[in-house]
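S.K.: Quick one: the structure is below, questions incoming.
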Amino acid sequence: MNYLSTRSLEPGTSRFGEVVLRGLAADGGLYLPVQWPRLGEAQVEGLRGKPYARVAAEVLSLFADDLHGSDIRAVTAEAYEGFGHPAVAPLVQTGPDDFLLELFHGPTLAFKDVAMQLLGPLFDRLLAERDRTMTVAAATSGDTGGAAIAALSGRERVRICVLHPHERISEVQRRFMTTTGAPGVENLAVQGTFDDCQGLVKDMFADEAFRTAVSLGAVNSINWARIVAQSVYYLTSSLALGQAGRPMSYCVPTGNFGDVFAGYVAKRMGAPIGRLIVATNDNDILDRALRTGRHEPRAVQATHSPSMDIQVSSNFERLLFEASGRDAELVTRLMTAQRAGEAFGLPESVRARISEEFSSYRAGSEEVADRMRRAFEETAMLIDPHTAVGLVAADKARAEGLEGPLVTLATAHPAKFPGAVEAATGRIPALPPHAEGLMAAEERFEVVPPRLEAVQRAVQRLAGA
Ligand SMILES: *Cc1c(COP(=O)(O)O)cnc(C)c1O
């Protein structure tokens with residue numbers, strides 16, 4: 001399997017290992033496979049009811065044919081042994097044909113663990129093979145950072161620097177990052193938004209000399225391995241509930257468009273998936289873009305679902321590449337406008353192609369709080385605000401006539417956002433036993449201005465370069 005960049009006119013020649021270690025392509029584009037691998041019908045059937053790690057190994061081997069099968073099986077086994085549920089990503093029924101897919105049973109209580117836990121052992125193997133080390137720079141809107149630190153700290157060949165927007169994430173989110181006390185970990189609280197953090201990471205990647213000097217690596221969802229790992233739970237859940245002629249639809253709380261794009265990948269592989277619903281909070285740029293064809297950034301608003309407070313969704317680039325018939329020139333042009341903070345129009349053919357498979361809905365703050373309250377009244381479940389954004393969107397899709405089984409991705413544990421949950425329901429969600437010490441542990445982080453030199457200095461110090 002070879003990979004190409006969304007901004008390159010060259011035929012793709014990169015292999016999976018290289019794609020994972022590089023993160024972002026040298027031309028600033030994102031990697032995609034040259035062709036979509038497809039599981040045959042018999043292969044799909046063979047995966048029904050199999051253990052999660054086994055399905056993950058099968059999927060990874062389709063995309064990573066440059067890795068040994070035994071390595072792949074070891075990586076996936078290690079990745080999922082630490083989950084707090086034997087199904088890893090269990091389905092819970094909430095209505096006659098409505099389901100939640102619980103993705104928060106990993107160490108830091110959000111779906112980011114599902115992919116990040118796989119990235120840890122994968123990096124170990126890829127770096128050992130090449131006798132290299134790596135300095136990971138990650139921007140987080142709240143959950144990626146904790147998941148990355150849990151997955152990567154203590155690994156001999158990896159150091160990690162996480163940038164989070166200062167005072168714009170929940171305390172529980174921050175504490176998952178700042179209390180580990182592990183060596184080789186640096187937390188920077190950037191005085192700006194998540195988009196600033198993500199821009200700074202991208203700028204570090206664009207600085208070729210710097211990138212080489214510290215051997216920079218990426219774990220944001222620009223990293224292809226994350227998307228592959230996330231496609232697995234779409235496959236397992238669609239096989240558990242769906243069948244030919246009765247495809248599953250998915251409603252996905254969306255920020256950087258990584259998770260919902262993983263659904264698209266699973267569909268390309270042959271999973272029985274119908275519509276993919278993009279759920280946004282008040283930061284509704286994707287909903288507006290899909291409805292009107294105009295991609296127009298506005299100021300980021302702080303909401304109770306901070307992991308979705310994003311205006312610049314990296315992985316939307318992958319969808320644009322796909323929906324334009326892989327037109328790298330168009331993608332380069334649109335992404336250059338985006339980086340400059342400008343609005344751009346989607347060509348009508350591209351918008352039409354996207355709407356064949358994707359719908360979108362926005363959930364306002366009031367609606368989200370109401371939905372948390374209603375979920376508690378109806379099912380006695382406490383739902384986190386991100387998941388609630390998904391449920392509001394799911395309700396709206398039903399109201400517009402969506403039929404068949406519908407799975408909403410439960411992307412975080414309610415205890416990660418106790419303030420919002422308590423305000424909506426009057427109940428304080430309890431942390432699971434493994435996280436109980438979190439609120440008393442000592443924190444370590446450094447506040448920095450949103451400037452490249454400040455961040456580069458910290459990364460250099462960490463890398464010892
Ligand atoms: C990251 C995150 C999202 C958004 O996922 P994307 O892949 O960025 O679209 C939604 N909910 C939670 C809890 C998250 O941590």
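S.K.: Once you keep just the Cα pairs under 8 angstrom separated by 6 or more residues, what percentage relative contact order results for the range 1-52?
M.R.: Details: 55 pairs, mean separation 18.8, N = 52.
About 36 percent, as a whole number.
S.K.: Right, here's the next one. Gain in length, ARG339 to GLU81, computed as 0.36 nm per residue apart minus the alpha-carbon separation, to one decimal in nm?
M.R.: Extending this stretch completely gives an extra 88.9 nm.
S.K.: Excluding the sites themselves, what is the longest stretch of the chain that contains no trypsin sites (Lys or Arg not before Pro) in a DSSP loop with at most 15 other C-beta atoms within 10 Å?
M.R.: The answer is 133-297.
S.K.: Ordered by residue, what ³J(HN,Hα) values in Hz, to whole numbers, does the range 315-327 give under the Karplus form 6.51 cos²θ - 1.76 cosθ + 1.60, where θ = phi - 60° and Gly and Pro are x?
M.R.: 6, 4, 4, 5, 5, 4, 4, 5, 6, 9, x, 6, 8
S.K.: Hey, another quick one. Pull out the extension gain between ASP65 and GLU453, defined as 0.36 nm times the separation in residues minus the alpha carbon to alpha carbon distance; nm, one decimal.
M.R.: Numbers: separation 388, 0.36 × 388 = 139.68 nm, distance 3.90 nm.
This chain segment gains 135.8 nm when fully extended.
S.K.: Would you mind checking LYS202/LYS416; LYS396/LYS416; LYS112/LYS416 for any pair whose Cα atoms are more than 24 angstrom apart?
M.R.: On the way: LYS202/LYS416 28 Å; LYS396/LYS416 26 Å; LYS112/LYS416 13 Å.
Violating the 24 Å Cα-Cα cut-off are LYS202/LYS416; LYS396/LYS416.
S.K.: Find how much the distance from ALA440 to ASP207 grows on full extension, using 0.36 nm per residue of separation minus their present alpha carbon separation; answer in nm with one decimal.
M.R.: Values: separation 233, 0.36 × 233 = 83.88 nm, distance 3.92 nm.
Answer, rounded to one decimal: 80.0 nm.
S.K.: Also: Rg(Cα) of the range 115-192 divided by 2.2 N^0.38 Å? Don't skip to the answer; put the middle values down first.
M.R.: Details: Rg = 12.5 Å, N = 78, 2.2 N^0.38 = 11.5 Å.
Rg over 2.2 N^0.38 Å, computed on Cα atoms: 1.09.
S.K.: Also, I was wondering about something else. If you put +1 on each Lys and Arg Cβ and -1 on each Asp and Glu Cβ, how big is the dipole of the chain around its Cα centre, in Debye rounded to 20?
M.R.: 480 debye
S.K.: Quickly estimate the mean residue ellipticity at 222 nm for the chain, helices only: each DSSP H run with n ≥ 4 gives -39500 (n - 2.57), and the total goes over all residues, rounded to 500. Could you put the intermediate results ahead of the total?
M.R.: Numbers: 19 runs with 212 residues, N = 465.
One gets -14000 deg cm²/dmol as the mean residue ellipticity at 222 nm.
S.K.: Where the only charges are on Cβ atoms (+1 Lys, Arg; -1 Asp, Glu), what is the dipole of the range 187-338 about its Cα centre, to the nearest 20 debye? Write out the running numbers ahead of the final one.
M.R.: Numbers: 14 positive and 15 negative charges, 131 e Å.
Here the size comes out at about 640 debye.
S.K.: Out of LEU276, LEU462, LEU101, whose Cα points farthest toward the positive end of the dipole of the chain (charges: +1 Lys, Arg; -1 Asp, Glu; placed on Cβ)?
M.R.: The Cα lying farthest towards the positive end belongs to LEU462.
S.K.: Then there's this: DSSP beta bridges in the chain, what fraction antiparallel, as a percent rounded to 5?
M.R.: On the way: 12 of 47 bridges.
Percentage antiparallel, nearest 5: 25.
S.K.: So what is the relative contact order for the chain, in percent, with contacts set as C-alpha pairs under 8 Å and at least six apart?
M.R.: Values: 940 pairs, mean separation 88.8, N = 465.
Relative contact order comes out at 19 percent.
None of the figures in this text is laboratory data; all of them are computed from the coordinates on show. Note that the coordinates shown come from a computational prediction; the quantities given were computed from them, not determined experimentally. So basically every Cβ, Gly included, is an ideal-geometry build from the backbone, and we count neighbours across all protein chains shown.
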